[in-house]
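The values are calculated or read from the model by the stated rules, or taken from the named source; none is laboratory data. Treat the numbers as computed from the prediction; the structure is a model and nothing was measured. As a convention, Cβ positions derive from the backbone with ideal geometry for all residues, glycine included, and neighbour counts pool all protein chains shown.
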Amino acid sequence: MQILNSSFDPVTIQETVNWAIRFIQEEKRGYICTVNVAILMMMENNKRLAKIINKAVLIVADGQPIIWTSRWLSAPLPSRVAGIDLIYELAAVAEQRQLGIYLLGGTTDVIADAAAKLQSKHPRLKISFDNGYFSSQQAAGRAEAIRQSGASILFVGMGVPRQEYFLEEHWENLGVNLAIGVGGSFDVIAGRKKRAPLWVQEVGLEWLYRLLQEPRRLWRRYLFTNLQFIYTLLQAFIHKSQKKQAA
């Protein structure tokens, strides 16, 4: 279904994982984008980002407001598919199927701790990693390291739109079958930040939980982004209704 500048695939987390494994087994190449309200609003003003995301082989809804909007538009998406959940689920399957993964993003300490946490859960999983703090001149070296690792799956957590730009600019040299932008997931996996309890996630209040943890950093972003989303959505709805009446 279409919401503003992005289409969304109607899949659950398990369907996404199953799809990803089939995709890799068929030796295809592509990337998954997890899109939330903040990213949707960036896409309104950033045509390059919108183009990259809409070229993804799969676009999933990473945010309860997207799910609510899909229901309001009478084309309900089945559930939220968060980047961090894809890391956990795909890491488990990758261990079983002997597929290597690569983690790119965060500080040196954060990414090392995130890799260690995943390794402790999945001892036979081949994990390679590197931090996300590098210059444009060093980017090609990161891409080559990913290729040399032999990883099948790349998780990039460098924030939007930097992680998408990296994939676009270096896609031909990465060598992986599948890449997924996962934002700040490594901070949570490494234990630097806490994730909301499951019941908070299920009622769509994970944003509030994060806001209470980091009010000074997040209050403006959440307030203005959410208001912008509602305003833009209503504008699009009114415009669509007017076009129907004129037809």
Quiz item: Within the range 41-51, is there a residue that is surrounded by 15 or more Cβ atoms within 10 Å (Cβ to Cβ), under 15 Å from Leu233 (Cα atoms) and out of contact with any Leu (no Cβ under 8 Å at 6 or more places or on another chain)?
Solution: yes
Quiz item: Counting only residues that are part of a loop (DSSP other than H, G, I, E, B) and closer than 16 Å to Ile180 by Cα, which one in the range 26-40 is modelled with the lowest pLDDT?
Solution: Asn36
Self-check item: Trp68, sole failed condition from (1) touching a residue at least 60 places away in the same chain (Cβ under 8 Å); (2) crowded, with 17+ Cβ neighbours inside 10 Å; (3) in a helix (DSSP H, G or I)
Solution: (2)
Quiz item: Which one is surrounded by the fewest Cβ atoms within 10 Å (Cβ to Cβ), of the residues in the range 1-25 that are of a type outside the set (S, T, N, Q) and in a loop (DSSP other than H, G, I, E, B)?
Solution: Pro10
Practice problem: Go through the residues of the range 121-131 one by one and say whether even a single one is surrounded by 13 or more Cβ atoms within 10 Å (Cβ to Cβ), more than 22 Å from Ile24 (Cβ to Cβ) and of a type outside the set (Asp, Glu). | Solution: yes
Quiz item: If Gly106 passes every condition in (1) buried (at least 20 other Cβ atoms within 10 Å of the Cβ); (2) among the small types (Gly, Ala, Ser); (3) out of contact with any Phe, Trp or Tyr (no Cβ under 9 Å at 6 or more places or on another chain); (4) more than 18 Å from Glu27 (Cα to Cα) but one, which one does it miss?
Solution: (3)
Exercise. Can you tell me which residue within the range 163-187, out of those that are closer than 18 Å to Met43 by Cα and part of a loop (DSSP other than H, G, I, E, B), is modelled with the highest pLDDT?
Key: Val182
Practice problem: Could you please give the count of residues in the range 189-200 that are surrounded by fewer than 19 Cβ atoms within 10 Å (Cβ to Cβ) and either on the phi > 0 side of the Ramachandran plot or touching a residue at least 40 places away in the same chain (Cβ under 8 Å) (or both)? | Solution: 3
Practice problem: Could you please find all residues in the range 100-139 being in a loop (DSSP other than H, G, I, E, B) and under 20 Å from the mean Cα position of the chain (by Cα)? | Solution: Gly100, Gly106, Thr107, Asn131, Gly132, Tyr133
Quiz item: Among the residues of the range 108-137, which ones are over 13 Å from Ile189 (Cβ atoms) and β-branched (Val, Ile, Thr)?
Solution: Thr108
Quiz item: Do any residues in the range 214-239 that are under 14 Å from Asn5 (Cα atoms) have Cβ atoms under 8 Å from those of residues that are surrounded by 11 or more Cβ atoms within 10 Å (Cβ to Cβ) and among the β-branched types (Val, Ile, Thr), where the two are at least six apart or on different chains, and which pairs are they?
Solution: Phe229/Val37; Leu233/Ile3; Leu233/Thr69
Quiz item: Quick one: which of Val156, Val160, Val81 is within 25 Å of Asn18 (Cα to Cα), in a loop (DSSP other than H, G, I, E, B), at pLDDT 95 or above and of a type in the set (A, V, I, L, M, F, W, C)?
Solution: Val81
Exercise. Taking the residues in the range 81-129 that are touching a helix residue (DSSP H, G or I) at 6+ places or on another chain (Cβ under 6 Å) and among the charged types (D, E, K, R) as candidates, determine which candidate is farthest from Arg162 (Cα to Cα).
Key: Arg124
